[in-house]
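Quick note: the coordinates plus some simple rules give every number you see, no bench work behind them. Every value quoted in this text rests on a predicted model; they were computed, and no experiment measured them. Cβ placement follows ideal geometry from the backbone for every residue including glycine, while neighbour counts extend to all protein chains displayed.
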Amino acid sequence: MELRHLAHSDLRIGPLMFGGNVFGWTADEARSFELLDAFVARGFNAIDTADIYSNWVPGHQGGESEAIIGKWMKSRGNRSRIVIATKVGMQMSPGKTGLRKDYIFKSVEESLQRLQTDYIDLYQAHQDDPTAALEETLSAFDELKKQGKVRLIGASNYTGARLREALKVSREKKISAYQTLQPRYNLYDREDFERDLEPVCREFQIGALTYSSLASGFLTGKYRSVDDAGKSVRGSGVAKNYVNEKGLRLLKALDEVAAETKATPTQVSLAWLLHKPVVTAPIVSATNLEQLNEVLGAADVRLTPTQIGKLDATDLKTPA
């Protein structure tokens, strides 16, 4: 399996990352271990999580996902073969949030403890913090790299202008720079990334690690009407955001390409992302082995330029 190098780095991530938000939430510890075992057995190595996962669940405080990953790595003795990406910056609890230096230093120690490791491969700013000077945030990350606690740093949920400004600060102050960006990007949600962020990624060789890679499940093809969407808890949001003329046009194109490639709409959607030069790895998730095997199969799907063009054309206002 070909793994993608990040620019200026020997750290290998890809071609797919496992999204760890499900660990300790919709997948309990035993199921999480089962999924992680299957993931690495297929030759994949990168897991994305965050300190806040899953503090939205009643009774959770955040850190549940990191703790499960840490237990799994310790029990399997595989830390050196796994790429761990985690994040800091979103609110863990009142007063525990942001990207100021002291908070980053405190948070990284807590993440390291939960992960049962002495280093994080990719440490990411989960969202921009307008109250913290970029130089302060980046200097903190730089110091963590010098201490060996972090290998690479990345950003998530930044605007193009703010990302460019951060990269400029790193260059001028000669401190560590963001090498990855986590944007919302998928076959449906394209405009914000392609217009605002992709030019910055191209100019500075930033690798994109896409989240919402399947548009909240819409790109799996299981939501084809408002009635379909109403059958699941998350369906109301899917119906509101995706079940429309553009979405149905996209599903039609996905069905056609899936038939041509003997793949599923899920796999074609992820393969489309993998064909984008700025995408280092789509982040994917699963709560059972059937789902996991399907999404991982995307790494083996090859699309022709004609097929990519057909999928690209669905973003136009009129049918291709």
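Observations, loosely collected:
- Each Lys or Arg adds one and each Asp or Glu subtracts one; over the other residues with Cβ under 15 Å from the Cβ of A30, this totals -2.
- Computed from the Cα positions only, the extents of the chain along the three principal axes stand at 52, 45, 39 Å, in decreasing order.
- Angle in degrees between helix 29-41 and the longest Cα principal axis of the chain, rounded to the nearest 10: 80 degrees
- Förster radius 30 Å - calculated FRET efficiency between V57 and E136 (Cβ-Cβ, nearest 0.05): 0.40
- 0 to 90° range, to nearest 10: angle between helix 160-173 axis and the chain longest Cα axis: 30 degrees
- Region 145-169 and region 189-224: distance between their alpha carbon centers, rounded to Å: 19 Å
- Distant-in-sequence amide H partners of I153 (H built 1.01 Å from N, under 5 Å): Y123, Q179
- Only Cα pairs under 8 Å and 6+ residues apart enter the sum, and on that basis the relative contact order of region 4-182 stands at 17 percent.
- Compactness of region 4-182 was expressed as the Cα radius of gyration divided by 2.2 N^0.38 Å, which yields 1.00.
- Sum of -39500 (n - 2.57) over DSSP H runs of 4+, divided by residues of the chain (222 nm, nearest 500): -12500 deg cm²/dmol
- Cβ-Cβ FRET estimate between N293 and E109, R0 fixed at 30 Å, reported to 0.05: 0.25
- Label-point separation in nm, K173 to K222, each point 7 Å along Cα→Cβ: 4.5 nm
- DSSP bridge analysis restricted to the chain gives an antiparallel fraction near 10%, rounded to the nearest 5.
- C-alpha long axis of helix 245-261 to longest principal axis of the chain, angle in °: 80 degrees
- For region 138-263, diffusion coefficient by Stokes-Einstein and Kirkwood Rh (Cα), 10 °C, 1.306 mPa s, µm²/s: 94 µm²/s
- 12 Å beta-carbon shell around M90, net charge (K/R +1, D/E -1): -1
- Within the shell defined by Cβ-Cβ distances under 9 Å, the residues around E136 carry a net charge of +1, with Lys and Arg each +1 and Asp and Glu each -1.
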